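One structure below.
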Amino acid sequence: MSPTRVLVLNSGSSSVKYQLLDMRGSDRLAVGLLERIGEETSRLKHTPAGGGSREWSGSIPDHESALKAVAAELAKDGLGLDSPELAAIGHRVVHGGRHFTEPTVIDDAVLAEIERLIPVAPLHNPANLTGIRTAQALRPDLPQVAVFDTAFHTTMPESAARYAIDVETADAHRIRRYGFHGTSHAYVSRETARLLGRAPEDVNVIVLHLGNGASASAVRGGRCVDTSMGLTPLEGLVMGTRSGDMDPAVIFHLMRVGGMSADEIDTLLNKRSGLIGLCGDNDMREIRRRVDAGDERARLAFDIYIHRLKKYIGAYYAVLGRVDAVAFTAGVGENAAPVREAAVAGLEGLGLAVDGGLNAVRGDTARLISPADARVAVAVVPTDEEMEIATQTYALVIGSGGSAGSENLT
Ligand code: ADP
């Protein structure tokens, strides 16, 4: 039997999220999160298939210890990293620049390129690299695959990918619109086509990934033609803690008149803006509770969030020309019916409407929430970035003759 399991690792600066999947039946064997790496007390929450979470806290000084702790936890369920069933490790890598348009088997040249991209992803790529190097040290024999958040967006035309600034300056510093959340946009646009019973190549979709970070994308026939995040995840929609679009002159003004440093403004716009900056909360559940209780600041924050979302729906409608579906996904998109209702309200002229009854139904599977006779389908499509990373990793390893592909699969 060929190995069929894939471990998906999402290594952040102080956390590691992981899932172990069996690709034979797309089963999730274990899910976990190790947080607060390097702090006094780190925490691990591990949930094997069938439930019964285990929690552990103690000192985890670095990523190497973190991955060893994860491996030890998996081993308790007979799923250790030394298992011959493990076909590959798939790593989420945030920034792949223009170079990486596909998932890629990691070698020294790939590591060097991810490292070269650190100036455009100073928070994410170093943590992703540490995760990869640690996993390589633990299982040097195993194929390790990088799946990039930016890859799905590399199909954007230059007209969407370039900022209208001096070309030489932009190119010298690799300034362009890369986009993020690509794994989610790819998965959700494909699942939306499946929900409509059509081939992805025949369908134009606006995907609204609304989590704590949020981004929109315009997908024509399965290929991304525009997305709302740019050089970094700061551009675009109003997010939990990020401002999204803004006149760049606000930054000069804060420097010259407000006396703030570049780092202070970076923190302001990434961590203290968006919903939390507007009303003090970034959780849409709490914001809706406050709105329903008549809180004016929460109401204004909600309205600003929806106004921006609507502008992007309109913009991407225009970019695509013909839209078959608008798909809501991620924490807010999947759960917040009032957001979906408000985002589409008044867009009947574009063929967009939400059926109140369908919108109110909760569920964890892809579903339509537009009226049966609607010109454009409106859908809720739960995202599954880990499954997508595992699927892409496994397909690549099987296809490239890595350990999983080295044996006859039949
Ligand atoms: P990320 O991966 O970007 O951290 P998620 O996609 O998990 O985020 O989304 C997290 C957000 O989803 C929370 O901040 C909260 O605003 C929102 N959310 C989660 N559950 C609900 C719910 N039941 N109703 C409304 N909003 C929700």
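The values are calculated or read from the model by the stated rules, or taken from the named source; none is laboratory data. Remember, it's a predicted structure, so these values are computed and weren't measured experimentally. Positions of Cβ are backbone-derived with ideal geometry, glycine not excepted, and every protein chain shown enters the neighbour counts.
Kindly indicate whether residue 402 is at pLDDT below 95 and small (Gly, Ala, Ser). Yes; evaluated as a whole, the condition is true for this residue. Against the numbered list (1) within 12 Å of the ligand (Cβ to nearest atom); (2) aliphatic (A, V, I, L, M); (3) closer than 25 Å to residue 225 by Cβ, residue 320 comes up short only at (1). Within segment 325-374, the set of residues being within 12 Å of the ligand (Cβ to nearest atom), outside any loop (DSSP other than H, G, I, E, B) and on the phi < 0 side of the Ramachandran plot comprises 328, 329, 331, 332, 333, 334, 335, 337, 338, 339, 340. Considering segment 18-46, and only residues there that are within 17 Å of residue 392 (Cβ to Cβ) and at pLDDT 90 or above, the residue that is farthest from the chain's Cα centre (by Cα) turns out to be 24.
Right, residue 298: surrounded by 14 or more Cβ atoms within 10 Å (Cβ to Cβ), over 22 Å from the mean Cα position of the chain (by Cα) and within 16 Å of the ligand (Cβ to nearest atom) or not?
Working: surrounded by 14 or more Cβ atoms within 10 Å (Cβ to Cβ): yes; over 22 Å from the mean Cα position of the chain (by Cα): yes; within 16 Å of the ligand (Cβ to nearest atom): yes.
So residue 298 fits the description; yes.
Can residue 112 be described as more than 25 Å from residue 5 (Cβ to Cβ) and more than 15 Å from the chain's Cα centre (by Cα)? In short, yes. Checking each residue in segment 173-220 for being of a type in the set (A, V, I, L, M, F, W, C) and more than 21 Å from residue 231 (Cα to Cα) picks out 188, 193, 195, 196, 199, 203, 205.
Listed by position, the helices (runs of 4 or more DSSP H) enclosed by segment 198-291 that each have at least 1 residues that are within 22 Å of the chain's Cα centre (by Cα) and of a type in the set (Gly, Ala, Ser) are 274-279.
Can you tell me which residue within segment 224-267, out of those that are out of contact with any Asp or Glu (no Cβ under 7 Å at 6 or more places or on another chain), of a type in the set (D, E, K, R) and buried (at least 17 other Cβ atoms within 10 Å of the Cβ), is farthest from residue 156 (Cα to Cα)?
242
Determine if segment 270-278 includes at least one residue that is under 28 Å from residue 207 (Cβ atoms), loosely packed, with under 14 Cβ neighbours inside 10 Å, within 15 Å of the ligand (Cβ to nearest atom) and modelled with pLDDT of 95 or more. Within segment 270-278, none of the residues are under 28 Å from residue 207 (Cβ atoms), loosely packed, with under 14 Cβ neighbours inside 10 Å, within 15 Å of the ligand (Cβ to nearest atom) and modelled with pLDDT of 95 or more. Just to be sure, is residue 64 in a helix (DSSP H, G or I) and more than 23 Å from residue 85 (Cβ to Cβ)? In short, yes.
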